[in-house]
1. From the residues in the range 294-307 that are within 12 Å of residue 271 (Cβ to Cβ) and not in a helix (DSSP H, G or I), which one is nearest to the ligand (Cβ to nearest atom)?
2. What's the number of the only condition in (1) more than 10 Å from the ligand (Cβ to nearest atom); (2) part of a strand (DSSP E or B); (3) within 30 Å of residue 266 (Cα to Cα) that residue 123 fails to meet?
3. Kindly evaluate residue 170 against the criterion of being outside any helix (DSSP H, G or I) and either more than 15 Å from the ligand (Cβ to nearest atom) or surrounded by 22 or more Cβ atoms within 10 Å (Cβ to Cβ) (or both).
4. From the list 338, 343, 323, which one is assigned to a strand (DSSP E or B), within 30 Å of residue 361 (Cα to Cα) and out of contact with any helix residue (DSSP H, G or I) (no Cβ under 7 Å at 6 or more places or on another chain)?
5. List the strands (runs of 3 or more DSSP E) that sit entirely inside the range 223-293 and contain at least 3 residues that are more than 26 Å from the chain's Cα centre (by Cα).
6. Is it true that some residue in the range 73-92 is without any contact (Cβ under 8 Å) to a residue 24 or more places away in the chain, surrounded by fewer than 19 Cβ atoms within 10 Å (Cβ to Cβ), farther than 25 Å from residue 34 by Cα and within 28 Å of the chain's Cα centre (by Cα)?
7. If you go through the range 93-120, how many residues are crowded, with 21+ Cβ neighbours inside 10 Å and within 11 Å of the ligand (Cβ to nearest atom)?
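The values are calculated or read from the model by the stated rules, or taken from the named source; none is laboratory data. Everything quoted here is computed from the prediction, not taken from an experiment. Methodologically, a virtual Cβ is constructed for each residue, glycine included, from the backbone with ideal geometry; neighbour enumeration extends over all protein chains shown.
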Ligand SMILES: Cc1cc2nc3c(=O)[nH]c(=O)nc-3n(C[C@H](O)[C@H](O)[C@H](O)COP(=O)(O)OP(=O)(O)OC[C@H]3O[C@@H](n4cnc5c(N)ncnc54)[C@H](O)[C@@H]3O)c2cc1C
């Protein structure tokens, strides 16, 4: 993977510096846009990871297809060379003072800045029970995690905790690599935030047919990992022998540094529509943020924030607003799509399921308008349903809607 870096540091006065903490997907997009717009000032990026600016989203197809050449790089060295940038990898910002305009780094050095951006992302939640920490109990968040999973001995017994998008993709990828996978999910059906019951059970069948064992309504209540992981116990009292446990059941915004720096935080670092924190010269973007009471776990809002901030840093007045996001499962040959609201308590729900062909669609209507749609197996109508939701087109014929033939769609 050809990731940059131009380590050399400019001699610009540190006092003008824009400090960016973290070099994940939000920062990659921000730097691209700053380069496009000709941002003139010195930038210093401090990154905990050794590889920077890679496409985390593609880690799951990358895991499942070791022979395919999947480009994870989001950094174009030619574009980056337009910026006056200094990069410090494998370095943490360990303390930060907004008032003094200073940050202390894990190598002991001190950095002065004029403005700063928190882009510290989020961290996965590990099971809440006690266990002896070790590499075999981990999340799937970084390229290093991916390398660990790819190197597991053949036919390992692996438990994946979490039946959301990431858990499903990780379980599928590990199954493709020939491991014996059990997927543990605390809800009664998979992808419960994106799918309602009919399509979720079709999806579950596909996983079972692929040899992945499912444990629904289940949580990990004990981990036997002293000295090495040998088994886990579920709240159903079942014990599963496992060699590796992958946690994919939720994330927590990385806001500790923000909190310690006395920026306003709740679930994440609180930002306004200009992406300013409670200190006007400190910004935050990505999964570390909280905007209007909402945190983020998908890249679309993260990228939208990066676009707004790039404009702001160039003197513009763009504002960030939350828009509805769609989600798709990235498993080759297993198409799942969900958009809009699928759990509004007052909707009329229409479902069309073809068990034989393993495909179906479920639509959610409120006040004669489509507000949510789920598709499995055939995504050809995804854009059509997205448009109906976006334009709030009145629905007069449910049957035509279900068949995808409603007239006057945008
Ligand atoms: C396997 C996987 C698959 C995914 N698939 C999808 C998908 O299909 N669709 C989708 O929309 N989203 C998906 N996501 C989510 C998406 O990747 C995230 O929304 C996105 O990466 C968030 O970007 P970010 O820059 O906020 O955080 P990150 O990309 O996590 O970057 C934050 C960086 O900051 C660093 N950092 C933290 N604290 C410090 C510090 N104190 N000092 C220095 N550095 C620090 C971290 O180490 C990290 O490198 C997926 C995520 C994973 C893990």
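1. By that ranking, first place goes to 296.
2. All conditions pass for residue 123, except number (1).
3. Values: outside any helix (DSSP H, G or I): no; either more than 15 Å from the ligand (Cβ to nearest atom) or surrounded by 22 or more Cβ atoms within 10 Å (Cβ to Cβ) (or both): yes.
Considered against the rule, which asks whether it is outside any helix (DSSP H, G or I) and either more than 15 Å from the ligand (Cβ to nearest atom) or surrounded by 22 or more Cβ atoms within 10 Å (Cβ to Cβ) (or both), residue 170 comes out as no.
4. Sole residue among the options that is assigned to a strand (DSSP E or B), within 30 Å of residue 361 (Cα to Cα) and out of contact with any helix residue (DSSP H, G or I) (no Cβ under 7 Å at 6 or more places or on another chain): 338.
5. Details: elements: 231-234, 239-241, 244-247, 251-253, 269-271, 282-284, 289-291.
Strands (runs of 3 or more DSSP E) meeting the threshold: 231-234, 239-241.
6. Within the range 73-92, not a single residue is without any contact (Cβ under 8 Å) to a residue 24 or more places away in the chain, surrounded by fewer than 19 Cβ atoms within 10 Å (Cβ to Cβ), farther than 25 Å from residue 34 by Cα and within 28 Å of the chain's Cα centre (by Cα).
7. Of the residues in the range 93-120, 7 are crowded, with 21+ Cβ neighbours inside 10 Å and within 11 Å of the ligand (Cβ to nearest atom).
The rows are residues; the columns are (1) in contact (Cβ under 8 Å) with a residue 60 or more places away in the chain; (2) not assigned by TED's automatic domain parsing to the domain that holds residue 20.
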| residue | (1), (2) |
| --- | --- |
| 197 | no, yes |
| 201 | no, yes |
| 204 | no, yes |
| 222 | yes, yes |
| 277 | yes, no |
| 288 | yes, no |
| 293 | no, no |
